[in-house]
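Accompanying notes for the structure given below.
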Amino acid sequence: MNYVAIVGTNARKSYNRSLLWFMKKHFNAQANIEIVEIADLPLFSEDAETPVRIAEIARQIAASDGAIISTPEYDHSITAALKSFVEWMSYGDLHPFTNLPVMIVGASLGRQGTNNAQEHLRQIMDAPGIDAFVLPGNQFLVGPAATNIDIKTDDMTDARTISFLETIFQNFMVFAKSLQPMRAMAFDRTSGAAPTVAGKGVVESVKLGYANLEKVMPGSGLDVDAVPTVIAPDADAPVVEQGDGWWIEKTTLTDDVVASQPVTVGATVDDDEEDATTGASMF
Ligand SMILES: Cc1cc2nc3c(=O)[nH]c(=O)nc-3n(C[C@H](O)[C@H](O)[C@H](O)COP(=O)(O)O)c2cc1C
């Protein structure tokens, strides 16, 4: 997996930068982490042309499997430099965070270790034009930074904190990986664009089937005709795993497939035409 790690400050000396370099070293065997600096970027302005460097970073983020943002805490929020950077990334044609898995970490001198800043950043990453998939929960707060991070060697000094970071990073990798099928089929809400990864191989999507209405909702008294009734996969469906009421199908992504198979949730099958549809797709 290739991740982009954004240093959320323009300070030359930064615990948050050291934290990311530590992660890059420490998780080297599991992931490739590229550190991105925002220190020399211009302040966002609606009046300015998009600087080349900004466009380059946006491309790098969009091409990655996920982003890690390390945020300091300034006055109970994120730094102006990081906010400006995110504004660049949510303006004009640049929306590299759309549907991208994001992990937030942070180090501060205070004991609360960027709790306020991280909460603000989560809110910001939810904004229209950003639309990131931020890893829920799994907060990683380092405070006080001075006793946990050796800024000269980019090392973390507390074994328990390192172990906690390992758990959270593991969770992020699982999160990012499990979102891949969804990202492959999700539309870009900002631009309304269809999935851009069409034609790039295969995704697995979960299908749900309600073969026996009484079994799923016993005694519900529901009007059978009003409830989606989906039975089983097509005989030639590429099923990779199957359970009671669900199955996973492999779908080869091509432009045609994406265009001709719009996402349907709870598709209704007429009892007389059961063989026409195989399932209600979750993705
Ligand atoms: C303007 C300013 C405001 C700050 N506000 C907070 C704060 O609200 N909470 C906190 O824990 N630390 C605060 N700090 C201290 C930072 O945690 C400290 O400067 C830290 O080293 C910043 O992260 P960095 O080392 O990655 O640059 C503030 C620092 C500055 C310069």
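The values are calculated or read from the model by the stated rules, or taken from the named source; none is laboratory data. Keep in mind that this is a model prediction, so the values were computed, not measured. Glycine also receives a Cβ, built like all others from the backbone with ideal geometry; neighbour counts cover every protein chain displayed. What goes into the accessible areas is simple: the full protein's heavy atoms, side chains included, and nothing from ligands, DNA or RNA. Shrake-Rupley method; radii C 1.70, N 1.55, O 1.52, S 1.80 Å.
Probe radius 1.4 Å, ligands and nucleic acids left out: which of Phe85, Phe164 has the largest accessible area, and how do the rest follow?
The most accessible residue leads, giving Phe164, Phe85.
Carbon-plus-sulfur fraction of the accessible area of segment 30-141, 1.4 Å probe, in percent?
49 percent
Could you list which residues have their amide H under 5 Å from that of Leu100, counting only those 5 or more apart in sequence or on another chain, with H placed in the peptide plane?
Long-range HN contacts for Leu100: Phe133.
Could you tell me the calculated FRET efficiency between Thr157 and Val239, based on Cβ-Cβ distance and R0 = 35 angstrom, to the nearest 0.05?
Here the calculated transfer efficiency is 0.10.
Starting from the amide H of Tyr74, placed 1.01 Å from N in the peptide plane, find each other amide H under 5 Å away whose residue is 5 or more places distant or on another chain.
Thr79
Could you give me the ³J(HN,Hα) list for segment 66-76, computed from phi with Karplus coefficients 6.51, -1.76, 1.60 and θ = phi - 60°, whole Hz, x at Gly and Pro?
Computed from phi, the couplings for segment 66-76 are x, 10, 10, 10, 9, 10, x, 10, 10, 6, 6 Hz.
Can you give the net charge of the other residues whose Cβ lies under 14 Å from the Cβ of Ala39, counting K and R as +1 and D and E as -1?
+2
How high is the FRET efficiency between Ala232 and Phe187 when r is their beta carbon distance and R₀ equals 30 Å, given to the nearest 0.05?
0.60
Counting Lys +1, Arg +1, Asp -1, Glu -1, what net charge surrounds Glu73 among other residues with beta carbon under 14 Å of its beta carbon?
+1
So, in nm, how far is label Asn28 from label Glu119 when the simple model puts each one 7 Å beyond its Cα toward the Cβ?
Taking the two extended label points, one gets 3.8 nm.
Tell me, in nm to one decimal, what length is gained between Trp246 and Asp126 on full extension, where the rule is 0.36 nm per residue of separation less the Cα-Cα distance?
Taking 0.36 nm per residue and subtracting the Cα distance, the gain is 40.1 nm.
Considering only protein heavy atoms, what per residue accessible area in square angstrom results for segment 1-137 with a 1.4 angstrom probe?
Dividing the accessible area of segment 1-137 by its residue count gives 44 Å².
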